[in-house]
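Peer 1: Right, I'll just put the structure down here and ask away after.
Please treat every number below as a calculation from the coordinates, not as lab data. Fair warning: this is a prediction, and the values are worked out from it, not measured in the lab. Here the Cβ is made from the backbone with ideal geometry for all residues, glycine too, and neighbour counts use every protein chain on show.
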Amino acid sequence: MAIIPKFTDHDNKPKPKGKVKPAKVTLTVLPPDDPKPCQWVTKFCRNSFIKPMSTKELALPRQILDDHVVSQNSWGSVVYSGPQLSQVEQAMLLALINFLQNDRRHVQYIGTKPTWFYDGPLLPILKLLGRENRNPSANDYKRAIDCIAMLSKANVSITTGKGTDCEERNFGNIISDGKWNSKTKRVQIIFSTFFYESYKASGHTAINLAEWSRLASPIAKALYCFLESQERPHWSGRYDVMAGILNIDMGQPPNKIKKLIQGAIDELLAKGYFKAEGTHRKGDVFNMCRSPKKAKSKTTILKNYNDLQRDRDMRIAMIEAEAAF
């Protein structure tokens, strides 16, 4: 088991007298042939507490869920309580995980338990959400902070050993603390130790965040996560089974539910995610077939690598400036 370095709070250290030479900072940049997708929890790809919401639904006050069962089987259960989360909060959560998961310097200890910690500019996280070609607006920053605040109210409870004399229930919010400075555009985020440990102990599904973010339909995003968690490229299911998996409102007429699912499939077909010859509908059953994964072109790989190099240089400059201060 790898040893995770303990987070050091530089603010609590006594300040040495005289000019201090900044420590040399080295950051590892991923090689061009090793892009790192976001690793999302597989059981949440298949049974999610995220609900696909339309723009109209997002403008309304969020429903508060109490002990909403996400999944339940012989080994135990996963229960969610808190505001109904949408694909907007999911995007922020995936971006945070993707940004933090590969850098051990973002891990600190609370007591003896490790968790993710970030104290820095929000800009590199926003860039992961498809804003790399423009400067984020004030509304982009506001929406991002609103998402982080909502994730701090989201509570997940996991029960294991059900029906035995060793039943155990662990629970906690996803994010435990947060702080935002609108002048400096810096954010401080601390994930709960419960979520960090649960995440590390779970099976994961690789999600291409750039590909996922480009999908317009929230149902297409949910379907993408679900199908990425499946080992086989082929999957078939009735519309009502799919509606339950994708968290589509079952109070709607069946024809509307089928239309929503078909719209999501059509978008994934247009993006090349599905193979046309294996994707079709027969009555109430939808048949889908993923396209083989395409290798990235050398131009795309080089661009991604150059972006990583540029972000690395920005982070080094930021850390050295803080050390000099």
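Peer 1: Report the FRET efficiency, 1/(1 + (r/R0)^6), for Q252 and Q188, where r is their Cβ-Cβ distance and R0 is 30 Å, rounded to 0.05.
Peer 2: 0.15
Peer 1: Separate question: Applying 1/(1 + (r/R0)^6) with R0 = 22 Å to the Cβ-Cβ distance of Q262 and K56, what FRET efficiency is obtained, to the nearest 0.05?
Peer 2: So the FRET efficiency works out to roughly 0.60.
Peer 1: Hey, another quick one. Taking the simple approach of a point 7 Å from Cα along Cα-to-Cβ for both K282 and D165, what is their distance in nm?
Peer 2: Label at K282, label at D165, 5.2 nm between them.
Peer 1: For R46 and K142, compute 0.36 nm times the residue count separating them, minus their Cα-Cα distance, and round to one decimal in nm. Before the final figure, lay out the partial values.
Peer 2: Details: separation 96, 0.36 × 96 = 34.56 nm, distance 3.01 nm.
Contour length minus the Cα-Cα distance gives 31.6 nm.
Peer 1: Quick check: the distance between the Cα centres of region 228-268 and region 140-170, to the nearest angstrom?
Peer 2: Each part reduced to its Cα centre gives a spacing of 25 Å.
Peer 1: Another question, then. Using Cβ counts within 10 Å as a stand-in for footprinting exposure, how do T279, T112 rank, fewest first?
Peer 2: T112, T279
Peer 1: Please list, by residue number, everything in region 47-63 whose backbone N is under 20 Å from a paramagnetic label point 7 Å out along Cα→Cβ of A216.
Peer 2: Taking a point 7 Å out along Cα→Cβ of A216, the residues of region 47-63 whose backbone N falls under 20 Å are 52-59.
Peer 1: Only counting other Cβ atoms within 10 Å, I'd like K183, K221 sorted with the fewest neighbours first. Write out the running numbers ahead of the final one.
Peer 2: On the way: K183 5, K221 24.
If I rank by nearby Cβ atoms, fewest first, I get K183, K221.
Peer 1: I need the P(r) histogram for region 244-285: all alpha carbon pairs, bin width 5 Å from 0 out to the longest distance, whole percents.
Peer 2: Bin by bin from 0 Å, the calculated values are 5, 20, 28, 24, 16, 6, 0.
Peer 1: Starting from the Cα-Cα distance between H68 and D240, subtract it from 0.36 nm times their residue separation and give me the gain in nm to one decimal.
Peer 2: So the extension gain works out to 60.0 nm.
Peer 1: Hull surface divided by four, with the convex hull built on the Cα atoms of region 37-214: how many nm²?
Peer 2: Value for region 37-214: 11.2 nm².
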